[in-house]
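The values are calculated or read from the model by the stated rules, or taken from the named source; none is laboratory data. As the structure is a prediction and not an experimental result, all values here were calculated from the model. When we count neighbours, we look across all protein chains shown, and the Cβ atoms used for this are built from the backbone with ideal geometry, even at glycine. Note: accessible area is taken over every heavy atom of the protein model, side chains too, but ligands, DNA and RNA are not part of it. Shrake-Rupley method; radii C 1.70, N 1.55, O 1.52, S 1.80 Å.
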Amino acid sequence: MSALMAVAIGILFAASIYMMLRRSIVKLVMGLILLSNAANLVIFTSAGLTSGAPPLLDAATKQPPAGVADPLAQALILTAIVIAFGVLAFSVVLIHRANEVVQTDDLDQMKETDQ
Amino acid sequence: MNNLVFLPILIPLLAGAITLALWRSSKWQKRVSVFATLLYLTASATLAWQVSQQGYIVLQVGGWQAPFGISLVADYLASIMVVVTGIVAFTAVLYSLVTTPNTHIKFGYFPLLHILLAGVSGAFLTGDLFNLFVWFEVMLLASFGLLTLGGERAQMEGAIKYVTINLFSSALFLSAIGILYGTVGTLNMADLAVKLQDVEQQGLLNAIALMFMVSFSIKAGAFPFFFWLPASYHTPIIAVSAVFAGLLTKVGVYALYRVFGLIFIGDINFTHQILLWMGVFTMLSGVLGAASQFEIRRILSFHIISQIGYMILALAIFTPLAIAGGVFYLFHHIIVKTNLFLISGMTHLLQNTYQLKSMGGLYRERPFLAALFLIPAMSLAGLPPLSGFFAKYLVIEAGIVSQQWLATGVALFVGLLTLYSMIKIWAEAFWKAKPETLSETVKLPLWGVVPIALMAIMTLIIGFAAEPFILLSQATAEQLLNPQSYINAVLGGQP
């Protein structure tokens, strides 16, 4: 399962970087979306994939049974998802405004600040 | 008493909320902002004083013991950075009182500024890697807002580059955190420092270390990841540029110091060797970029990069002397660079342009402003007895002592080229005759000049009374190079 996830993450990263290197700002934002998802999956996978063992305390011993899933990684991902959501909402507005102001969606035309 | 650590984060957060509630009244937003930044400065100075008495102040947030909860840690380095942040914030707010257009204030200039401050101080004070990521994002989101306020074409273009590269760096940071957590199962910095000593897969650790290095170098604007910086830093209004120039890249440098001074010190020959070359090329490319520019703000932006190179070089040499130099460089540079940007705003007010070729005659017209420019400019170039001299001196001496001849030679050469750039601004904007096309000058606003004068005085103090500052830097370096004391302070002496 981990190997499959690793391949999926690799493909996600590759796809996101490919999209970010395109000239259209819409594709750029799609690349950013894929990128944040890929990073979240890295946390998810590297913290260990455990299936069918939710981190619940045992009523009698007040201790989690051995081999439960690590809940912290999921808390990290949850935080990261919320942050990514905010940031991506901003970038969508940004490309909309940029398109209005610059009158193009072509990144190659946006080089006024690079001279 | 430990709650003091939280104040530099709490005050700007509250100030952000209050100024947000005062959305309609720019007058009250200004008042609250001045008061809040003054309060911030007081709180951070108190914190620094307490830290100088105790060495470390640690707050386990919510009473969750480390390494299970989030620790906020104030040591010498963090508290110095917070105090300097306070200075920059206070002067920037004073400067904003008259120079920020009302259209900006109407769309949340002050709330964003305060949230930015909260993010910056959170990043300085946290003792947890994931928390560092969260504060980075707080800081970034606020900076996105500040960068695009105004919505001009150059701002939009600059912002797209800035946003993209910073999000990429964040994703890399996040992935590195994930892999590190998967490897050692903790993210508390002190706990990491303990546990990484026992990890046997040094190759894997090096790979993770490099991910952190690339991510922080992007944020710090180090070679070869700096291209976004000169493409975006000159686009917003000057007060914003000044705060960015002073603080944001330095948060990246601080993170490098923290991570490569405390956590990834197992394979110094590998990681710090890369940092060394990075520092050398950062210095060179920054200063050469600046030499080719004729727009004040872009010259200054490129000089941020070259000065970042010195700080990274100091970290790479990794001796007590070098780290002391690097720390001295950090706080000297923040003040000087912010000041130079503020001055470029004043010259723009006078001559309505940032292009050096169409400026001139400022020395004859405004000798006082010219003197105020010379102080930070010559300090940046490293002329004695100004603060930049001691910063460069320490770094270069450390380079000679540890026999890094090439790096030291480059550092000296870059110092010379920095002088050239500053002389170029001086000669073009201040010294040469005033172009006839320029109209009559305007009166400079008092609250534009006061912050500049304040920071120039601070530069003079750091320069002329350098000894206590050098002693402070040395104490900081000593503390930074002794991870065991940090570990004991955070984990309470238990392994």
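Nonpolar atom fraction for the protein assembly as shown, defined as the carbon and sulfur part of the 1.4 Å probe accessible area, stands at 67 percent.
For chain B, excluding the exposed loop sites themselves (GluC sites (Glu not before Pro), DSSP loop, at most 16 other Cβ atoms within 10 Å), the longest remaining stretch covers B:201-435. By the helix-only formula, in which each DSSP H run with n ≥ 4 contributes -39500 (n - 2.57) and the sum is divided by residues, chain B has a 222 nm mean residue ellipticity of -24500 deg cm²/dmol.
If you take the C-alpha gyration tensor of chain A, multiply each eigenvalue by 5 and take the square root, what semi-axes do you get, largest first, in whole Å?
40, 16, 8
Local charge for B:Tyr254 was computed over the other residues whose Cβ lies under 13 Å away, with Lys and Arg +1 and Asp and Glu -1, and equals +2. Can you bin segment B:403-478 into rounded, prolate or oblate? Criterion: square roots of the alpha carbon gyration tensor eigenvalues sorted a ≥ b ≥ c, rounded for a/c under 1.5, prolate for a/b above b/c, oblate for the rest. Because a/c hits 1.5 or more and a/b fails to exceed b/c, segment B:403-478 counts as oblate.
Projected onto their three principal axes, the Cα atoms of chain B cover extents of 71, 55, 41 Å, largest first. Against the empirical 2.2 N^0.38 Å (N residues), segment B:56-116 has a Cα radius of gyration ratio of 1.60.
Interface size, chains A and B: roughly 3000 Å² of accessible area buried, both sides included, 1.4 Å probe, rounded to the nearest 100. Legend: residues in segment B:224-254 shielded by at least 20 square angstrom of accessible surface upon adding the remaining protein chains to the isolated chain (1.4 Å probe, heavy atoms) are B:Ala231. Relative to one another, the C-alpha centroids of segment B:152-169 and segment B:261-295 are positioned 23 Å apart. Be a star and scan segment B:219-241 for residues whose amide nitrogen sits under 19 Å from the point 7 Å along the Cα-to-Cβ vector of B:Arg153. Counting backbone N atoms under 19 Å from the label point, the list is B:231-237. Using the 1.4 Å probe convention, the accessible area of segment B:2-491 works out to 33 Å² per residue with neighbouring protein chains retained. Sequence-distant contacts, meaning Cα pairs under 8 Å at least 6 residues apart, place the relative contact order of chain B at 16 percent. Under 30 Å of direct C-alpha separation, and excluding same-chain neighbours fewer than eight residues apart, B:Lys27 reaches these lysines: B:Lys106, B:Lys337, B:Lys443.
Of the chymotrypsin sites (Phe, Trp or Tyr not before Pro) found in segment B:12-74, the ones in coil according to DSSP and having at most 16 other Cβ atoms within 10 Å of their Cβ are B:Trp23, B:Trp64, B:Phe68.
In this simple spin-label model, placing a label point 7 Å from the Cα along the Cα-to-Cβ direction at both B:Leu471 and A:Arg22 gives a separation of 6.2 nm. Note on B:Lys357: aspartates and glutamates with a C-alpha under 16 Å away, same-chain residues under 8 apart excluded, are B:Glu295, B:Glu428, B:Glu436.
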